[in-house]
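What follows draws every value from the coordinates through simple rules; no lab data is involved. Because the structure is predicted, anything quoted here is derived from the model rather than measured. Neighbour counts run over all protein chains shown; Cβ positions are idealised from the backbone, glycine included.
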Ligand SMILES: Nc1ncnc2c1ncn2[C@@H]1O[C@H](COP(=O)(O)OP(=O)(O)OP(=O)(O)O)[C@@H](O)[C@H]1O
Ligand SMILES: [Mg+2]
């Protein structure tokens, strides 16, 4: 008994050392990734070609834009369309068609191979990154919630958040769920927003976009299923955030598609159809198929 007991005592620290070694290795792998990001060269803030004039109206125009992330693999193959100041278009199409890629070119997240992207008639390649990032707001497919209060999550990076303004936005968007949160705007959210529903997370991201009053709004709609009641709240909020802003929406839901001026069908990096909902249904092409499929699945649901 004593012998067995001692051997156990002897092996316990050995096992602990092995476990620590595991942790160290994980930390090393993470550190490598962190340094990779730190070493990334900082993007220039003002391009050499900047003429000193920034646009005052915010129409968007794509002229025969080609994009490849890796050389030789063209993702966008000649995209041309325009959105007038204050107007809205929806992009619809299969997964991997290039919808998110198109939207990322407005704030110049990626350099393009050829063609031009114009914001208010000015080539975005010649505009300072800071100007672009201030004018264009993104509401992403998946919303990231930081650990902190609701207030801080809406007034991101603002050291002195304007509580009154946030309260007004919350009211305006009809974020009724806020009333149920203990502490209201000071309610603590956990990282990734595990204590919120996906609809609530989306509303927070809308409020975030409004707080900075962007001129251009890009909405990459989440595909997740949302109950009918939240759906109505979200649709009403979408209509509100679009008002007076030039917008591009990657739309998945029929109700969103209905609210835009024009719909573009993206297929394998090209725009294959464009028009209003009625025009495209009458045309009887890809859009009509998509629409019918979705109506069907909604009826089933
Ligand atoms: N940063 C990137 N680096 C390399 N390839 C990318 C990058 N982003 C997207 N891609 C590729 O580009 C293609 C188009 O992707 P994109 O995200 O634009 O599609 P999408 O139409 O938004 O699809 P979904 O409806 O699923 O969101 C895909 O084949 C994808 O793998
Ligand atoms: Mg996408």
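Is it possible to state the helix-based mean residue ellipticity at 222 nm for the chain, with each DSSP H run of 4+ residues giving -39500 (n - 2.57), the sum divided by total residues, to the nearest 500 deg cm²/dmol? What is it? Walk me through the numbers before you get to the answer.
Working: 10 runs with 121 residues, N = 301.
One gets -12500 deg cm²/dmol as the mean residue ellipticity at 222 nm.
Please report the antiparallel percentage of DSSP beta bridges with both residues in the chain, rounded to the nearest 5. The partial results should precede the final answer.
Working: 22 of 39 bridges.
Taking every DSSP beta bridge within the chain, about 55 percent pair in antiparallel fashion.
Any chance you could check the Cα centroid distance between region 165-230 and region 1-29 for me, in angstrom?
Cα centroid of region 165-230 versus Cα centroid of region 1-29: 47 Å apart.
Work out how far the C-alpha atoms of region 1-40 reach from end to end along every principal axis, then list the three figures in whole Å, largest first.
59, 7, 5
If I take the Cα coordinates of region 1-135 and project them onto the principal axes, what are the three extents in Å, biggest first?
The Cα atoms of region 1-135 stretch 85, 37, 32 Å along the principal axes, largest first.
Treat region 62-141 as a sphere of radius equal to its Kirkwood radius over Cα pairs and apply Stokes-Einstein at 25 °C in a medium of 0.890 mPa s; give the translational diffusion coefficient in µm²/s, rounded to a whole number. List each step's numbers first, then the result.
Working: Rh = 13.3 Å.
So the translational diffusion coefficient is about 184 µm²/s.
So if I average 1/r over every pair of distinct C-alpha atoms in the chain and take the inverse, what Kirkwood radius in Å does that give? Intermediate values should be presented prior to the final figure.
Details: mean 1/r = 0.0453 Å⁻¹.
Value: 22.1 Å, from the Cα pair sum.
Determine, for each peptide in 236-242, 260-266, the mean count of other beta carbons within 10 angstrom over its residues, then list the peptides with the highest first. Kindly include the intermediate steps, with their values, before the conclusion.
On the way: 236-242: 17.4, 260-266: 20.7.
So the order, starting with the most tightly packed, is 260-266, 236-242.
Compute the Cα gyration tensor for region 169-247, then decide on rounded, prolate or oblate, letting a ≥ b ≥ c be the square roots of its eigenvalues: rounded whenever a/c is under 1.5, prolate when a/b is larger than b/c in the other cases, and oblate in all that remain.
Numbers: a/c = 1.67, a/b = 1.38, b/c = 1.21.
Since a/c reaches 1.5 and a/b is larger than b/c, the shape of region 169-247 is classed as prolate.
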